[in-house]
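I have placed the structure first, in the form of structure tokens, so that the comments after it can refer back to it.
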Amino acid sequence: MARISERRVAQVAISVLFLALVRALSEYYRLEYTRGSGLTLAEVAPFITGALMAALGAWAAVIAFFVEKHRLATWIVGATIGGMLVYKVVVIGGLP
């Protein structure tokens with residue numbers, strides 16, 4: 001059986017983190033659709049913070065990947081997604 005390289009795992013992990021970033025940014029449109037014109041910045045702000053966490057994590061993981069620290073890039077992605085989950089539970093509310 002072929003072994004998956006650390007490089008490939010890092011690539012997939014970074015792709016997953018970018019999807020988490022897109023998901024966090026798209027939450028604005030879901031809220032706008034459900035709340036309409038009554039949507040306030042206070043309702044959107046927690047999701048902007050989550051998107052910023054994902055963006056900074058993706059930046060750090062990509063930098064680690066570029067300097068060929070593939071295992072570090074994967075760990076950064078894991079820590080970022082873990083941090084985003086903790087942030088969601090604590091600030092936004094429980095898991096769906």
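Does residue 59 satisfy the condition of being under 13 Å from the mean Cα position of the chain (by Cα) and of a type in the set (Phe, Trp, Tyr)? The answer is yes for residue 59.
Does the range 29-72 hold any residues that are closer than 18 Å to residue 85 by Cα and of a type in the set (Phe, Trp, Tyr), and which are they? The answer is 47, and nothing else.
Among the residues of the range 1-53, those identified as of a type in the set (D, E, K, R) and under 16 Å from the mean Cα position of the chain (by Cα) are 23, 27.
Among the residues here, residue 47 qualifies as in contact (Cβ under 8 Å) with a residue 12 or more places away in the chain, of a type in the set (Phe, Trp, Tyr) and under 19 Å from residue 94 (Cα atoms).
Residues checked against (1) in a helix (DSSP H, G or I); (2) modelled with pLDDT of 95 or more:
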residue	(1), (2)
2	no, no
18	yes, yes
48	yes, no
61	yes, yes
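Give all pairs with beta carbons closer than 6 Å in which a residue from the range 60-74 that is farther than 9 Å from residue 10 by Cβ meets a residue that is of a type outside the set (Gly, Ala, Ser) and surrounded by fewer than 17 Cβ atoms within 10 Å (Cβ to Cβ); count only pairs at least 6 apart in sequence or on separate chains. No pair meets every condition.
The values are calculated or read from the model by the stated rules, or taken from the named source; none is laboratory data. Predicted model only: the values in this text are computed from it and were never measured. Cβ: placed from backbone, ideal geometry, glycine included. Neighbour counts: every protein chain shown.
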